[in-house]
Amino acid sequence: MIILITTRGNGRTLDSIPRRTFGVPTPDMRITHYERLFGAWRVPRATYIFGDLERLMPWELRVAADLYRSLTGAGLRCLNDPARGMARVELLTALHRAGINPFSVMRADIAPRPARFPVFLRFEDDHVKANPTLFDSQAALDAALDRLRERGTPLRGVIVVEQAAELYSDGIWAKWGSWRIGDRIIDEHIAVDDTWLVKNGDHGKITDAICEDEHDAVSSNRFAAAIRPAFDIGCIEFGRADHSVVAGRSVVYEINTNPSARRFVADRRPLRKETQLIARARIAEALQAIDTAEGGRLSIAATALRRPIRWWRPGFTTPRRK
């Protein structure tokens, strides 16, 4: 069995697996949230995936890292160590320093001075589509940050990102999605749109030529070798990288530790349906490779950090913050 841990309310992303609507056979998976496990002293024997790391508050991240060590200390397999897995700012900074990404990122509340323009703004911990407005100079950026504060938006949690994007074809921009599950990298899909900031993409803009390119990329796992170092640097063993090709090389925009793979809906085009099934079959195989045979429940260590959690109800009364 595999247990995916997410933040409360964000467990729908992979519910196609426990609901058996993924499109191909998969191992047994349960989805739970951190608050259910923080105070647990007995847990099912399973492989535990620590997801949603970027959504955890700092104190939650400390407790999650403590839980990770209790589970691994009991001999259970766990993916994504919360003490090591990098969220957006740390990851993008590390990838820039490693020479993988040509762009940098900085926090908006430390008087950012980007080395290159244009830049755009987004919130550090969310996964909604960012505002695509670009700022071409330091003066424009400073004015934008001043406007945010004037309108009541704190700058803490806002980040400034240098743009790095390139047209995929005439008038079309593209973003690719590739998963890591354990040791396996799986190229899954392409998303395209007529704006530089591609989020979910516009399926109506996928031409036959794009279908063919996607099929070639997925069936050959075209980007796996280029993307693997980003997962390694970020210490992320389970997640999906959003990436693109800029100036002939792959650049990584984020790695989501709670990626979405909803109910399988076959594309009306036979080639794209085949591509979907190739990717989903590989994801299922990778999940099978990390699966743990069920074997009842076992006790995990009570630690000084987690012991007090038995006496409060998460979501109603939080532990004292130190």
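The values are calculated or read from the model by the stated rules, or taken from the named source; none is laboratory data. Values in this document were obtained by computation on a predicted structure and should not be read as measured data. Positions of Cβ are backbone-derived with ideal geometry, glycine not excepted, and every protein chain shown enters the neighbour counts. Accessible surface areas use protein heavy atoms only, side chains included; no ligands, DNA or RNA. Shrake-Rupley method; radii C 1.70, N 1.55, O 1.52, S 1.80 Å.
Here are the numbers:
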{"item": "3J(HN,Hα) from dihedral phi, the range 167-180, Karplus parametrisation 6.51/-1.76/1.60, rounded to Hz, x for glycine, proline", "result": "4, 7, 8, 4, x, 10, 10, 9, 9, 9, x, 9, 9, 10"}
{"item": "Under-5 Å amide H pairs with Ile3, H placed in peptide plane, nonlocal only", "result": "Arg30, Thr47, Tyr48, Ile49"}
{"item": "Table column - 3J(HN,Hα) (Hz), the range 124-137, Karplus curve with 6.51, -1.76, 1.60, x for Gly and Pro", "result": "5, 10, 10, 10, 7, 5, 6, 5, x, 4, 9, 10, 8, 8"}
{"item": "Rounded FRET efficiency, nearest 0.05, which uses the C-beta distance separating Trp41 from Asp136 and R0 of 56 Å", "result": "0.50"}
{"item": "Most mobile listed residue (Ala217, Ala191, Ala293) in the chain, GNM with C-alpha springs under 10 Å", "result": "Ala293"}
{"item": "Projected label distance in nm at Ala301 and Thr153, using a 7 Å step from Cα toward the beta-carbon", "result": "4.4 nm"}
{"item": "Cut-off under 5 Å, modelled amide H: who pairs with Tyr253 long-range", "result": "Asp242, His243, Ser244"}
{"item": "Estimated [θ] at 222 nm from DSSP helical runs (n ≥ 4, -39500 (n - 2.57)) normalised by residues in the chain, nearest 500", "result": "-8500 deg cm²/dmol"}
{"item": "The range 191-322 - charge dipole about Cα centre, Lys and Arg +1 at Cβ, Asp and Glu -1, debye rounded to 20", "result": "1260 debye"}
{"item": "Beta bridges per DSSP with both ends in the chain, % antiparallel, nearest 5", "result": "75 percent"}
{"item": "Cβ-placed point charges (K, R +1; D, E -1), dipole of the chain about Cα centre in debye, nearest 20", "result": "1740 debye"}
{"item": "Karplus (6.51, -1.76, 1.60) ³J(HN,Hα), θ = phi - 60°, over the range 89-105, in Hz, Gly and Pro reported as x", "result": "5, 4, 5, 5, 5, 5, 5, 5, 5, 7, x, 7, 9, x, 10, 10, 9"}
{"item": "The range 212-254 versus the range 141-163: alpha-carbon centroid distance in Å", "result": "30 Å"}
{"item": "Given the chain, longest segment not containing exposed loop GluC sites (Glu not before Pro) (DSSP; at most 13 other Cβ within 10 Å)", "result": "1-165"}
{"item": "Charge dipole magnitude, Cβ of K and R +1, D and E -1 - the range 1-129, Cα centre, debye nearest 20", "result": "200 debye"}
{"item": "Accessible surface, 1.4 Å probe, highest first, among residues Leu305, Leu121", "result": "Leu305, Leu121"}
{"item": "Inter-label distance for Arg269 and Asp208, nm, one decimal - labels placed 7 Å from Cα along Cα-to-Cβ", "result": "1.0 nm"}
{"item": "Amide hydrogen neighbours beyond the local backbone of His33, cut-off 5 Å, H modeled", "result": "Thr6"}
{"item": "Count of Lys pairs (Cα-Cα under 14 Å; at least 8 positions apart or interchain) in the chain", "result": "4"}
{"item": "Selection from Ala225, Ala241, Thr195 lying farthest towards where the dipole of the range 178-280 points positive, charges on Cβ", "result": "Ala241"}
{"item": "Cβ-based charge dipole, the chain, positive-most Cα from Gly11, Gly99, Ala40", "result": "Ala40"}
{"item": "Candidates per trypsin sites (Lys or Arg not before Pro) in the range 74-157, loop by DSSP, up to 13 other Cβ within 10 Å", "result": "Arg84, Arg116, Lys129, Arg151, Arg156"}
